[in-house]
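Structure first, then comments.
The values are calculated or read from the model by the stated rules, or taken from the named source; none is laboratory data. Everything quoted here is computed from the prediction, not taken from an experiment. Here the Cβ positions follow ideal geometry from the backbone for every residue, glycine too, while neighbour counts run over all protein chains shown. Note: accessible area is taken over every heavy atom of the protein model, side chains too, but ligands, DNA and RNA are not part of it. Shrake-Rupley method; radii C 1.70, N 1.55, O 1.52, S 1.80 Å.
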Amino acid sequence: MRVLAWILARAQGTAGASETPLGWVPRAGDLDVTGLDLTPEQVRQATAIDLTEWSSELESQGELFTKLERTLPPTIRLERELLIARLEN
């Protein structure tokens, strides 16, 4: 529910975000963590993007995408290619 509240607040222009190659993530203080025993550092770690990990994950999916190539919708293939390109920059 906290992430959904953040998404709605973003749509209303009352919360911010940081852009990453994967999309937008909450900045420090944008996500309501009231009542949770979390430090700002733990929140930062939870929203951090490890580009090396994501690159490895996309590489490991290559075989699956090859197997599904004939039946895979072109938009899914395109989204994967665009994500790979964003991670390379």
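Laid out as a table, the results:
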read-out: Alpha carbon convex hull of the chain, volume per residue in cubic angstrom; value: 136
read-out: Accessible area per residue in Å² at 1.4 Å probe, computed on the stretch 1-82; value: 78
read-out: Sorted peptide list for 25-31, 71-77, 10-16, criterion being average Cβ within 10 angstrom, highest first; value: 25-31, 10-16, 71-77
read-out: Highest-fluctuation residue, Leu78, Leu22, Leu36 considered, GNM on the chain with Cα pairs under 10 Å; value: Leu36
read-out: Accessible area, probe 1.4 Å, largest first, for residues Val33, Val3; value: Val3, Val33
read-out: Net charge dipole size for the chain [Lys, Arg +1 and Asp, Glu -1 on Cβ; Debye, nearest 20]; value: 320
read-out: Positive-end extreme of charge dipole, the chain - chosen from Trp24, Gln45, Leu4 (charges on Cβ); value: Leu4
read-out: Portion, in percent, of the accessible area of the stretch 32-81 that falls on carbon or sulfur, probe 1.4 Å; value: 55
read-out: Cα centroid separation - the stretch 62-79 against the stretch 1-42, whole Å; value: 32
